[in-house]
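See below for the structure under consideration.
The values are calculated or read from the model by the stated rules, or taken from the named source; none is laboratory data. Keep in mind that this is a model prediction, so the values were computed, not measured. Heads up, the Cβs are rebuilt from the backbone with ideal geometry, glycines too, and the neighbour counts pull from every protein chain shown. Ligands, DNA and RNA are stripped out before the accessible areas are found, and what is left, the full protein with its side chains, is counted by its heavy atoms. Shrake-Rupley method; radii C 1.70, N 1.55, O 1.52, S 1.80 Å.
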Amino acid sequence: MAKVTIVGAGNVGATAAHIIASKNLADVVMVDVAEGLPQGKALDMMHMRSVEKFTVSVSGSNDYEATAGSDIVVITAGIARKPGMTREDLLGVNAGIMRSVIDQAIKYSPEAVYICVTNPLDVMTYLAYQESGLPAKRLMGMGGVLDSSRLSFAVCEKLGCDPADVRAWAVGAHGEGMVCWPRLTTVAGQSIVDLLSPEEVDEVVARCVKGGAEVVAHLKTGSAYYAPGASIAKMVEAILTDSDEILSVCAHLDGQYGIDDLYMNVPVRLGKGGVEEVVEFELTDEELADLQRSADSVRKGLDALPAKSE
Ligand SMILES: NC(=O)c1ccc[n+]([C@@H]2O[C@H](COP(=O)([O-])OP(=O)(O)OC[C@H]3O[C@@H](n4cnc5c(N)ncnc54)[C@H](O)[C@@H]3O)[C@@H](O)[C@H]2O)c1
C-alpha cells in the first residue's frame with residue numbers, strides 16, 4: 001500500500017487526510033508540532049473506517065520517524081490567513097516553518113514526491129525546492145487545482161451547468177496575481193467567451209480570484225480547507241495512479257512560457273514521477289503577457305523572502 005505523509009494536521013491537512021483515506025488511496029501519516037493533535041484526529045478518522053468502508057490506515061505523530069519511506073509528502077504546516085490578510089502577509093513565519101519541515105521530512109523520505117501547500121504558495125514551493133535540492137520533477141505546489149475549481153464553480157453558478165462538463169483553467173501566481181484563461185475554459189467543449197457576455201466573463205473571473213478571500217471573510221478565524229483538501233487529494237490520486245492527467249499545478253518553469261527558474265501554476269501532466277511534463281498551451285500574445293506579469297508578482301514575493309537564520 002502506498003504511503004502519504006501530511007505535515008500539518010490542521011484544517012487543510014486533516015481534510016486532505018480524510019479524503020485520501022475515504023478514497024482508499026494510501027495509508028496516511030499526519031505529523032504536527034501540536035502534541036496530541038495528529039494522534040487525536042487520526043484516531044477519529046480510524047473510528048469512521050467501518051462507516052466509510054476504507055481499509056487504509058490513518059495515524060498521527062509528532063515525530064518524523066513515523067513518516068519514513070513515504071511515496072508522497074504533503075506540506076500544509078504553517079499559519080493561515082485571517083480577514084484583511086493577503087497570502088503574502090504569511091511569508092516570514094511560514095518561511096521558517098517550511099525550511100524546518102522540508103529538512104526533516106527529506107531525511108526520512110528522500111525518494112518521495114513533495115507537494116507544498118503552505119502560503120504564499122509559489123514562494124514557499126520555490127523555497128522548498130532551494131532548501132531540499134530535490135529534482136524539480138519531484139517537488140510541486142497545490143494552488144492551481146483549487147483556483148481552477150473555483151473558476152469552474154463560478155461558471156456553473158452563472159450558466160447553471162453540470163460541473164462535470166466544465167474544464168476551467170486558472171494559472172499563474174496563487175494570489176492576487178492569478179490569471180484565468182476564459183478562452184480556454186470550456187463547457188462541454190464550448191469556450192465560455194462564446195457562452196457569456198464580456199461583463200459576465202469578468203464577473204466569473206473576479207469570483208474565482210476573490211474566492212479564497214470570500215471564504216476567509218465568512219469564516220473570520222482562518223481560511224478555506226474543504227476545497228483545498230479535495231484539491232490535494234486529487235493531485236495525490238493522479239500521482240499514485242500514474243494518471244497522466246493535465247492539471248494546473250505549481251511547477252518549476254525552466255523557460256516554458258518564456259519564464260525561467262520560477263515556481264508558478266501552469267498546466268502539468270502528473271504521473272508517478274511527479275511533474276512528468278509542463279504542458280505549453282498555445283496562447284494569444286495577451287494571455288502570454290498576463291502570465292508573465294503574474295510571474296513578476298511571484299518574483300516580488302521571492303525578493304521579500306527573509307534570509308535563512310543560521
Ligand atoms: N495552496 C493552497 O491552495 C492553500 C489553500 C488553503 C490553505 N493554504 C495554506 O495552508 C496552510 C495551512 O492552513 P490551515 O487552514 O490548515 O491552517 P491550520 O492553522 O488549521 O493548520 C496548520 C497546522 O500546521 C501546524 N504547524 C505549525 N508549524 C508546524 C511545524 N513546524 N511542523 C509541523 N506542523 C506545524 C499547526 O500546529 C497546525 O496544526 C496555511 O499556510 C494556509 O495559508 C494553502
For the structure I just gave you, tell me whether V266 is more than 13 Å from V74 (Cβ to Cβ), under 17 Å from the mean Cα position of the chain (by Cα), within 10 Å of the ligand (Cβ to nearest atom) and of a type in the set (V, I, T). no
Of the residues in the range 228-269 that are farther than 27 Å from N11 by Cβ and assigned to a helix (DSSP H, G or I), the one that is most open to solvent (accessible area, probe 1.4 Å) is G258
How many residues are near the ligand (Cβ under 8 Å from one of its atoms), open to solvent by 40 Å² or more (accessible area, probe 1.4 Å), assigned to a helix (DSSP H, G or I) and of a type in the set (A, V, I, L, M) when one looks only at the range 3-48? 1
Sort out which residues of the range 62-95 are open to solvent by 20 Å² or more (accessible area, probe 1.4 Å), at pLDDT 95 or above and either more than 10 Å from the ligand (Cβ to nearest atom) or part of a strand (DSSP E or B) (or both), and write them in order of number. D63, E65, A66, A68, G69, D71
Show the residue pairs that are 6+ apart or on different chains and have beta-carbon atoms under 6 Å apart, the first residue being within the range 273-300 and among the hydrophobic types (A, V, I, L, M, F, W, C), the second being open to solvent by 80 Å² or more (accessible area, probe 1.4 Å) and in a helix (DSSP H, G or I). V275/K137
The range 214-227, residues that are crowded, with 18+ Cβ neighbours inside 10 Å, assigned to a helix (DSSP H, G or I) and touching a residue at least 40 places away in the same chain (Cβ under 8 Å): V216, A227
Can you say whether R99 is touching an Asp or Glu at 6+ places or on another chain (Cβ under 6 Å) and surrounded by fewer than 22 Cβ atoms within 10 Å (Cβ to Cβ), as far as the supplied structure shows? yes
Filtered residues of the range 194-205 (kept if open to solvent by 50 Å² or more (accessible area, probe 1.4 Å) and either in a helix (DSSP H, G or I) or closer than 20 Å to V171 by Cα (or both)): D194, P198, E199, E200, D202, E203
